[in-house]
Amino acid sequence: MSTPQRIVVIDDNANDVQVTRRFLERRGFVVSAATSGAEGLAIARTITPDAFVVDYRMPGMDGFAVTREIKADPVLHTIPVLLLTGADSAQFVVDGLGAGADDFVTKGSDLEILLARLQALLRVKAYQDQLRKLNQQITRDLQIARRVQEALVPQRVFCAPGLEVRSAYIPSETLSGDFYDYFMQDDLLYLFVADVSGHGLPAAILVSLLKSYIHTEVDAGTPLSRLMSRLNDFLFSVSLPTQFATAQLFRIGPDGTLHYTNAAHPPFLLFRRASQRAALLEEPSHLLGAMPKMTFDERSTTVAPGDTLFVYTDGLTDRRTAAGEFYSIDRIAALLEAAPDADLSTLYDSIYADVAGFPSTDEFKDDIAFVVTRFQ
């Protein structure tokens with residue numbers, strides 16, 4: 001059996017308020033009556049009703065003022081207000097709706113009309129309450145997914161023989177599929193960066209699957225190109241038809257050999273200490289997980305002490321100001337070249353400050369992930 005809905009009726013005319021009260025009670029409502037705005041608000045803050053019926057003309061605090069108080073209250077503002085207005089007065093209707101009333105009935109109208117309007121408002125409120133509960137659940141799910149995704153990201157500072165790593169994950173308001181990871185295996189550093197399409201929990205789930213797959217499947221004897229092909233088939237098999245990813249995978253050996261393979265991911269920067277220049281290395285390739293049985297190329301180069309590798313997700317270069325200026329990867333290249341002798345912490349701080357300080361609009365603000373690796 002459903003709980004009776006509670007209505008607060010506010011009218012300074014004691015006879016009118018009792019007539020309305022008895023009528024609504026016979027229709028199954030629980031009614032609290034008040035003969036002043038202050039009294040009605042005090043009752044409402046005690047019981048939190050389902051709706052208000054408010055007379056527009058009352059001494060002291062009139063119906064318009066009562067309505068404004070209700071809509072300004074953080075607890076009561078979602079509760080519908082049915083305003084009783086003067087007969088044939090368009091201005092009273094305009095003023096009442098302007099004050100925040102949800103509907104109106106001409107005072108003295110048939111009470112069945114009042115009941116029909118009240119029931120319509122209560123139906124709308126029921127739908128809105130359901131939407132609010134759903135939004136709260138979605139928000140909780142996204143918060144959980146955010147914590148899961150952030151837990152998958154490795155420590156921001158990482159040191160191994162011959163190299164040092166600093167990384168950043170700058171979340172936006174919306175949970176996305178930006179991800180990176182790095183770890184040592186058999187004296188080799190593996191660095192993986194990916195950007196899964198979509199947002200929310202589905203993207204976070206795919207990120208966790210990618211991390212698990214990489215940690216399980218990498219080995220020194222498997223070419224990175226073959227590993228990326230297998231990862232592509234795995235992602236295709238477990239993802240939704242609309243899901244795919246971009247990715248880069250690096251393997252760095254103790255002799256300074258750097259192998260890498262790319263799956264449609266943005267180009268990376270490699271700063272050479274000897275020339276004091278940063279080169280942008282781009283390898284066009286297929287999306288990851290869009291189609292099965294795809295092949296990927298593998299490239300290699302060598303790095304020397306003082307060289308710096310910078311990888312990132314496209315949330316960095318998708319940032320855009322209100323004037324239409326995009327964040328350019330050339331800004332990072334300039335920072336690398338401007339301080340060739342800076343230690344990694346100083347370099348990282350300058351990059352982070354430049355990225356975080358870029359005045360992008362909310363419309364073009366995505367998650368940002370980047371990793372800076374200094375070879376020693």
Give the residues of the range 13-32 that are more than 41 Å from the chain's Cα centre (by Cα), over 23 Å from Phe92 (Cα atoms) and crowded, with 20+ Cβ neighbours inside 10 Å, sorted by residue number.
Leu24, Val31
Residues of the range 43-72 being open to solvent by 20 Å² or more (accessible area, probe 1.4 Å) and under 39 Å from the mean Cα position of the chain (by Cα), which ones?
Ile43, Arg45, Thr46, Ile47, Thr48, Asp50, Phe64, Ala65, Arg68, Glu69, Lys71, Ala72
Please specify each residue of the range 78-97 satisfying the condition of being surrounded by fewer than 12 Cβ atoms within 10 Å (Cβ to Cβ) and in contact (Cβ under 8 Å) with a residue 12 or more places away in the chain.
Ala87, Asp88
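Residue by residue, here is whether (1) on the phi > 0 side of the Ramachandran plot; (2) at pLDDT 95 or above holds:
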site: Arg226; (1), (2): no, yes
site: Ala245; (1), (2): no, no
site: Asn262; (1), (2): no, yes
site: Pro284; (1), (2): no, no
site: Met294; (1), (2): no, yes
site: Gly306; (1), (2): yes, yes
Residue match in the range 281-301 (condition: within 19 Å of Leu163 (Cα to Cα), open to solvent by 10 Å² or more (accessible area, probe 1.4 Å), more than 30 Å from the chain's Cα centre (by Cα) and small (Gly, Ala, Ser))
yes
I'd like the full set of residues that are open to solvent by 10 Å² or more (accessible area, probe 1.4 Å) and under 15 Å from Gly289 (Cα atoms), limited to the range 188-207.
Asp195, Ser197, Gly198, Pro202, Ile205
Restricted to the range 148-172, and to residues that are touching a residue at least 60 places away in the same chain (Cβ under 8 Å) and either over 19 Å from Tyr352 (Cβ atoms) or basic (Lys, Arg) (or both), which residue is most open to solvent (accessible area, probe 1.4 Å)?
Pro161
Looking only at the range 302-321, filter to residues that are farther than 18 Å from Val193 by Cβ and without any contact (Cβ under 8 Å) to a residue 60 or more places away in the chain; which one of those is farthest from the chain's Cα centre (by Cα)?
Thr302
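Looking at the range 102-113 only, could you name the residues that are open to solvent by 10 Å² or more (accessible area, probe 1.4 Å) and within 42 Å of the chain's Cα centre (by Cα)? Break it down stepwise before answering.
Residues of the range 102-113 that are open to solvent by 10 Å² or more (accessible area, probe 1.4 Å), as a first pass: 102-104, 106-113.
Asp102, Asp103, Phe104, listed by residue number.
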Please state which of the following conditions Thr246 fails to meet, knowing it meets all the rest: (1) touching a His at 6+ places or on another chain (Cβ under 6 Å); (2) under 26 Å from Gly306 (Cβ atoms); (3) open to solvent by 10 Å² or more (accessible area, probe 1.4 Å).
(2)
Pairs returned, first residue in the range 270-289 that is polar (S, T, N, Q), second residue that is modelled with pLDDT under 95 and open to solvent by less than 70 Å² (accessible area, probe 1.4 Å), beta-carbon separation under 7 angstrom, 6 or more apart or interchain, are Gln276/Pro340
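Going by the structure shown, is Gln143 open to solvent by 80 Å² or more (accessible area, probe 1.4 Å) and either closer than 22 Å to Tyr213 by Cβ or under 16 Å from the mean Cα position of the chain (by Cα) (or both)? Steps first, please.
Numbers: open to solvent by 80 Å² or more (accessible area, probe 1.4 Å): yes; either closer than 22 Å to Tyr213 by Cβ or under 16 Å from the mean Cα position of the chain (by Cα) (or both): yes.
Answer is yes for this residue.
The values are calculated or read from the model by the stated rules, or taken from the named source; none is laboratory data. Here the structure is a predicted model, which means the values were calculated and not measured. Note that we place each Cβ from the backbone using ideal geometry, even for glycine, and neighbour counts take in every protein chain shown. The protein model used for the area step is the full one, side chains on, heavy atoms only, and it has no ligands, DNA or RNA in it. Shrake-Rupley method; radii C 1.70, N 1.55, O 1.52, S 1.80 Å.
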